[in-house]
1. Go through the stretch B:76-99 and report how many residues are part of a strand (DSSP E or B), within 25 Å of A:T31 (Cα to Cα) and either of a type in the set (K, R) or open to solvent by 20 Å² or more (accessible area, probe 1.4 Å) (or both).
2. Restricted to the stretch B:1-48, and to residues that are in a loop (DSSP other than H, G, I, E, B) and free of Cβ contacts under 8 Å to residues at least 40 places away in the same chain, which residue is farthest from B:S94 (Cα to Cα)?
3. Can you tell me how many residues in the stretch A:66-99 are open to solvent by less than 50 Å² (accessible area, probe 1.4 Å) and farther than 16 Å from A:Y35 by Cβ?
4. Of everything in the stretch B:17-39, what is of a type outside the set (F, W, Y), modelled with pLDDT of 95 or more and either within 20 Å of A:S39 (Cβ to Cβ) or out of contact with any Asp or Glu (no Cβ under 6 Å at 6 or more places or on another chain) (or both)? Give them in sequence order.
5. Picking from B:K58, B:K37, B:K42, which residue would you name as being out of contact with any Ser or Thr (no Cβ under 8 Å at 6 or more places or on another chain) and closer than 11 Å to B:L106 by Cα?
6. Look at the stretch B:1-44 and say how many of its residues are open to solvent by 70 Å² or more (accessible area, probe 1.4 Å) and touching a Phe, Trp or Tyr at 6+ places or on another chain (Cβ under 6 Å).
7. Which of the strands (runs of 3 or more DSSP E) contained wholly in the stretch A:22-115 include at least 1 residues that are in contact (Cβ under 8 Å) with a residue 60 or more places away in the chain and within 12 Å of chain B (Cβ to nearest Cβ)?
Amino acid sequence: DTAVSQTPKYLVTQMGNDKSIKCEQNLGHDTMYWYKQDSKKFLKIMFSYNNKELIINETVPNRFSPKSPDKAHLNLHINSLELGDSAVYFCASSQVGGGNTDTQYFGPGTRLTVL
Amino acid sequence: GENVEQHPSTLSVQEGDSAVIKCTYSDSASNYFPWYKQELGKRPQLIIDIRSNVGEKKDQRIAVTLNKTAKHFSLHITETQPEDSAVYFCAASSTDKLIFGTGTRLQVFP
């Protein structure tokens, strides 16, 4: 009955590798997001999708590529991982397109460590 | 760009005391202001929110006030308990997204 789920919960990898994080929501929401939370706990939006269409791309390096196969899923693929990519990545979803005035529900987070 | 400033960055109180966290925002079009609580190792969870058509909202021990003229809003927690210890984030809506504050680490000592 988990509303927003992410896999994996932990990801440890070497610099230069490519990895993916998956997110699924069963709330029937139209909009999904990826956030990055760094070691200082700052929460920064990376991407948002509304019904599979990219809405926000916050000047994230093009090594990061989101993919939304349907409105219940938003995956994040990262190429050529760098040390600075180490962070906790949160997926979130909200009811209506645009999302800025709707409650956002967060997934449990994926802690990525790049060695 | 648009931003949200949050103060203080850390706050320590004795159990039973009140705690106040303040945020200011820059986008005059912002009309939705949620507050999230994040416990250690957990996800941010909404605890209360307020929209621009009201100045105050209360839910048990938690209240939020909004001053649109001054572009600031505050979270008030009364009768704090150890389980209130967490990082609290304010946020303000801006075109198509929420802008989050930098967080306040609240510690409630028994």
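1. The number of residues fulfilling the criteria is 2.
2. B:G41
3. The number of residues fulfilling the criteria is 4.
4. Result: B:D17, B:S18, B:A19, B:V20, B:I21, B:K22, B:C23, B:K37, B:Q38, B:E39.
5. Residue meeting the stated conditions: B:K37.
6. 1
7. In the stretch A:22-115, A:31-37, A:87-94, A:110-114 are the strands (runs of 3 or more DSSP E) which contain 1 or more residues that are in contact (Cβ under 8 Å) with a residue 60 or more places away in the chain and within 12 Å of chain B (Cβ to nearest Cβ).
The values are calculated or read from the model by the stated rules, or taken from the named source; none is laboratory data. This is a predicted model, so every value here is computed, not measured. When we count neighbours, we look across all protein chains shown, and the Cβ atoms used for this are built from the backbone with ideal geometry, even at glycine. Remember, those area values only see protein heavy atoms, side chains included, never the ligands or the DNA or RNA. Shrake-Rupley method; radii C 1.70, N 1.55, O 1.52, S 1.80 Å.
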